[in-house]
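This report concerns only the one structure given below.
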Amino acid sequence: MTTERDALKDAFLARASLAGARRERLAGDASTRNYERLHLAGGDSRIFMDQPPVESASCPPDADAGTRRALGYNAMARLAAGRVDAFVAVAGWLTQAGLSAPRIDAFDVGQGLAVMEDLGDDLFGTLIAGGAEEGPLYEAALDALIHMQDQPVPARLGAGAGLDWPLLTYDALALETAVDLLPDWLPALRPGVQVDAAARADWAAIWAPILARGEAGARVFCHRDYHAENLIWLPDREGPARVGMLDFQDAVLAHPAWDLSMLLHDARRDVSRALSDTMLERYLDRSRHAGELPITADFHALGALNICRIIGVFARLVVRDGRPRYEAFLPRMWGYLDTCLADPGLSDLRAWLDACVPPDARR
């Protein structure tokens, strides 16, 4: 049966002169978005994005901490809440910066719909799984990241598309929401994890200086979900434009180490210690931010925060949302975390985990 949402989508495609396209449903992810590939009569294709307006509010640019807490998780974490205007605005900025994001052909902010360029299926993760050499792909991804981080950062995006989307700072409150996920959800997945009130207080105290470092170092455009499943290889393009980017609507102003962690602490594929060390060294050699910030220490500290966030997100997906496949990613994340915890500056975090998370729960 045709639903009201289906009728809206059909009407949108008709307005975009795409009513006759053959529609192919694409596999989804953990978000509330849906995608289809539109096959056009001449053999070309487009991607049709459907983002129903079902999420809690995004963060108003002038909201204080109390207002953000009252609005809910998206406002606290400064997530875009799936807003199509965020996607369109960020895509435009990336393209202007000499990077590759899908060209937007049509969009409707109120209905949460957009038609965009089809960058193909050559995801970095897919290519590597199929036998492609990972080193050159990661070098390209890292160089594109450095290029992105070297661009002047605007306060607002989207003017070229008639939009006005704020680029907010990934501040201490937003980072705090990442910290809270592990103690909130891991005990429900692993009953041996014990987090009482005292442990909660210690956990917050351990992270407080790291949150402050993250906010103080927030100076670059941050994709926020920069990993091999969101990067598409475009070998016919040149330089950083060879790296096509997806899923960037939650972009913020953030510490340079955040996207570096997303790339090298990849939840969905193993990034070896040797590859991670090589890419970190390449970053230290080529990024101007390496001369301004203690990148290695911040990579370990903010990387540990990011990893703990992902562990909490996956535990929530399994326990609350009934998505058991995400449990299979947890051993990989614990392995990345162990590497970060070898940094002497994280001895307090290591001690907390040893006390509250038994070895058999780190799996």
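Some observations on this one:
- Surface/4 estimate of mean projected area, convex hull on alpha-carbon atoms of the chain, nm²: 18.9 nm²
- Protection proxy ranking of 69-77, 45-53 - average other beta-carbon atoms within 10 Å, highest first: 45-53, 69-77
- Hydrodynamic radius (Kirkwood) for region 91-145, which is based on Cα pairs only, to one decimal in Å: 13.4 Å
- Protection-proxy order for peptides 136-142, 337-343, each taking the mean of Cβ atoms within 10 Å per residue, highest first: 136-142, 337-343
- The alpha-carbon positions of region 53-140 define a convex hull whose volume is 152 Å³ per residue.
- Solvent-accessible area per residue, Å², over region 81-146 with all protein chains present [probe radius 1.4 Å]: 34 Å²
- For region 108-227, the C-alpha radius of gyration divided by 2.2 N^0.38 Å, with N the number of residues, is 1.46.
- With the convex hull drawn over the C-alpha atoms of region 265-326, the volume per residue is 86 Å³.
- Computed over the chain, the per-residue total of -39500 (n - 2.57) for DSSP H runs of n ≥ 4 gives a 222 nm mean residue ellipticity of -14500 deg cm²/dmol, rounded to 500.
- Debye log10 I(q)/I(0) at q = 0.13, 0.21 Å⁻¹ for region 188-335, Cα point scatterers: -0.69, -1.52
- P(r) tail, region 1-83: Cα-Cα pairs separated by more than 22 Å, 43% of all pairs.
- Region 288-363 and region 200-234: distance between their alpha carbon centers, rounded to Å: 12 Å
- Region 100-154 - percent relative contact order, Cα under 8 Å, separation 6 or more: 20 percent
- Region 241-343, accessible surface, carbon-and-sulfur percent (1.4 angstrom probe): 49 percent
- Annotation: region 200-239 has a Kirkwood hydrodynamic radius of 13.6 angstrom, from the mean reciprocal C-alpha pair distance.
- Computed on protein heavy atoms with a 1.4 Å probe, the accessible areas place E292, E36 in the order E292, E36, largest first.
The values are calculated or read from the model by the stated rules, or taken from the named source; none is laboratory data. Keep in mind that what you see is a predicted model, and the values were worked out from it rather than measured. Quick reminder, even Gly has a Cβ in these numbers, built from the backbone with ideal geometry, and neighbours come from all protein chains shown. Protein only, heavy atoms only, side chains kept; ligands, DNA and RNA dropped before computing areas. Shrake-Rupley method; radii C 1.70, N 1.55, O 1.52, S 1.80 Å.
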